[in-house]
Amino acid sequence: MKTDIILAGVGGQGILTIATAIGAAAIKKNLYLKQAEVHGMSQRGGAVQSHLRLSSRPVASDLIPRAHADLILSVEPMESLRYLSYLSEDGWLVANEEPYKNIDDYPGMETIMNEITSLPHYVLLNADQIARKLGSPRSSNIVMLGAAIPFISGLDAALMEDGIRQVFARKGEEVVEVNLQAFRAGLQISEEKIKKI
C-alpha cells in the first residue's frame, strides 16, 4: 500500500496542519512516511507545496516524481493547477473552490474551474464556506482533509479523527470538536461524489 500526496495552497492556509494530522494517523497505523516542504511555509500568502508519501514499506525519496501523485489536496484552486503535472493518470484532485487572490494577475475563476473540471477524477468544494457555517473559518483546511480521506490508501476516517484529536488536543475540547465537525463535513461531500460515479 502506498499513497503519494501533493499538498498545495498558500502560506497561512494550514498545509502544515494537514500534513501533521495525516502523519499522526499514519504513525498510529504503523505506516512509513516522508514529507518534504518544497516551498516556504512561513511566507504568508506565498505559494506552498508539500510532498507527503505514505507506505506500508520504507520510502526511499521524500519527493514525488511527476505523474506519480495519487492525490493533490489543494486548499486554493489556482495552486492546484501548478501541480497537475504530478498527478497520476488515476489520481484525484481535491480542491477548494474559494480563491485566495494573492497576485495582481490572478486568472479568471471560469478558466481555473474549466481546467479542474476537465480532469477525470476531482472533487470541488467550498471549504471556506463550510467552515464559516460551522463557526470556525480557520478550519477550512480540515474540511479539505475530510474531503481527501477517501483517496488516501491505508487511512480511514476513524484513524484520521484520532490524528485530528492529537493535533488539536492542546487547544481544548471545543477546538477539537469543531475540527472533527469540519472533517466530517468534507468527508460527506466526497462520499456523495463517489456514490454518483
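The values are calculated or read from the model by the stated rules, or taken from the named source; none is laboratory data. Because the structure is predicted, anything quoted here is derived from the model rather than measured. A quick note on method: Cβ atoms are made from the backbone with ideal geometry, for glycine too, and the neighbour counts reach across all protein chains shown.
Before we move on, is residue 102 touching a residue at least 12 places away in the same chain (Cβ under 8 Å), in contact with an Asp or Glu (Cβ under 8 Å, 6 or more places away or on another chain) and surrounded by 11 or more Cβ atoms within 10 Å (Cβ to Cβ)? When the stated conditions are applied, residue 102 does not pass them. Among the conditions (1) surrounded by fewer than 19 Cβ atoms within 10 Å (Cβ to Cβ); (2) aromatic (Phe, Trp, Tyr); (3) touching a residue at least 60 places away in the same chain (Cβ under 8 Å), the only one that residue 122 does not satisfy is (3). Can you go through 182, 169, 148 and tell me which one is more than 15 Å from residue 14 (Cα to Cα) and not in a loop (DSSP other than H, G, I, E, B)? Going through 182, 169, 148 in turn, the sole match is 169. Residue selection: residue 132 satisfies the criterion of being among the basic types (Lys, Arg) and at pLDDT 95 or above.
One line per residue, one yes/no per condition, for (1) touching a residue at least 12 places away in the same chain (Cβ under 8 Å); (2) surrounded by fewer than 22 Cβ atoms within 10 Å (Cβ to Cβ):
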{"site": "108", "(1), (2)": "no, yes"}
{"site": "111", "(1), (2)": "no, yes"}
{"site": "130", "(1), (2)": "yes, no"}
{"site": "150", "(1), (2)": "yes, yes"}
{"site": "159", "(1), (2)": "yes, yes"}
{"site": "166", "(1), (2)": "yes, yes"}
{"site": "178", "(1), (2)": "yes, yes"}
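The lone criterion from (1) surrounded by fewer than 18 Cβ atoms within 10 Å (Cβ to Cβ); (2) under 25 Å from residue 191 (Cα atoms); (3) of a type outside the set (D, E, K, R); (4) in contact with a His (Cβ under 9 Å, 6 or more places away or on another chain) left unmet by residue 68 is number (4).
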